[in-house]
Amino acid sequence: MGLTHFVTHPQQALTDELLLRFKPNLMDPLPLYIVLLAGLPLVLPMLLRHTWTVVAASTAIYLLAPQLGWNLAAIADGVWYFNPVTWQLLFILGGAAAVHAGQARPVDTRPLKRQPLFVAAAAYVLLAGVITLSWRWPEVHDAWMPQVLSDLLYPISKTDLSPVRLLHFLALAYVTAKLLPGRAWTEGRLAQQVCRMGRHSLEVFCLGVVLAPLADMVNALAGDAFAMQIFTACAGAGLMAALALWLEFNKLLDQARQPLPQCARTA
């Protein structure tokens, strides 16, 4: 879990934790959220008034950061695993999408197969899936992957949110939005459970941090059998869903115990 620094130097580790320099394994997203949310009050007013200007500035920073080595420092002369200077673009694009969604726009009534943007996004998602699947068989991947494309594609940085990663997320989001228009699908039981987990994302995330190494241990003891991996994944998802359900139930109980306002009692 990367706790050696905490065990050997607890006081320094606490200081580093407060300064967001020390992050145990699997906890890297939390400091990223803290930094991005801390900057939200500064960015949001400009995003609402000058959306595309903010997106353009964010994109420029995103492109410059890997070239100039912009990142925040971590312990042992390291840097943040999720570079907030680059990942901020995804945050800004999400805000811009929310602003754009609230504006009236014409509806494209053409079939999906005749919408060039959808076709391109779907093709990109499928191609990315094929490439990712081919990583399981390196000899097959190396046999059909052109060297020129390989040189352009790799390495796919997660730290700096490689453009191919960003484009894959945007393409997947666009394809999903096109295939599932409207909000009716969010009323389904499975979608409601996912939303419930999102409402208690911090608690669910912390439980996932605990469950992940346990699942790795069980999988290793079972020889990383595919069936065991499926079982541990489903069991972990079920436990996190159960936690969210329990937290939601407790929240409803707390609301039921709250006394009614004076005006409601006298009405």
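The values are calculated or read from the model by the stated rules, or taken from the named source; none is laboratory data. It should be emphasised that the depicted structure is a prediction, and the values quoted were computed from it without experimental measurement. Every residue, glycine as well, gets a Cβ built from its backbone with ideal geometry; the counts of neighbours run over all protein chains shown.
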- [ ] Say whether the condition of being surrounded by 13 or more Cβ atoms within 10 Å (Cβ to Cβ) and over 30 Å from M27 (Cα atoms) is met by at least one residue in the stretch 180-203.
- [x] no
TODO: Report yes if A222 is small (G, A, S) and more than 21 Å from the chain's Cα centre (by Cα), otherwise no.
DONE: yes
Open item on the list: Let me confirm something: among V175, V148, which residue is in a helix (DSSP H, G or I), at pLDDT 90 or above and over 26 Å from P84 (Cα atoms)?
Closed with: V175
TODO: Could you list, in sequence order, all residues of the stretch 90-119 that are closer than 25 Å to A57 by Cα, of a type outside the set (A, V, I, L, M) and under 27 Å from the mean Cα position of the chain (by Cα)?
DONE: F91, G94, G95, H100, G102, Q103
Task: Single match in A212, A122 (criterion: over 18 Å from the mean Cα position of the chain (by Cα) and either surrounded by 13 or more Cβ atoms within 10 Å (Cβ to Cβ) or within 30 Å of V107 (Cβ to Cβ) (or both)) - done: A122
Task: Meets criteria (out of contact with any Cys (no Cβ under 9 Å at 6 or more places or on another chain), outside any helix (DSSP H, G or I), at pLDDT below 90 and surrounded by 14 or more Cβ atoms within 10 Å (Cβ to Cβ)) for L32 - done: no
- [ ] Please indicate, with yes or no, whether at least one residue in the stretch 116-135 is of a type in the set (V, I, T) and touching a Ser or Thr at 6+ places or on another chain (Cβ under 7 Å).
- [x] no
TODO: Spot the failing condition for E187; the list is (1) among the acidic types (D, E); (2) touching a helix residue (DSSP H, G or I) at 6+ places or on another chain (Cβ under 8 Å); (3) more than 30 Å from G69 (Cβ to Cβ), and only one is missed.
DONE: (2)
TODO: Look through L207, L167 and report the one residue that is in the same structural domain as W246 (by TED's automatic domain parsing), modelled with pLDDT of 90 or more and in a helix (DSSP H, G or I).
DONE: L207
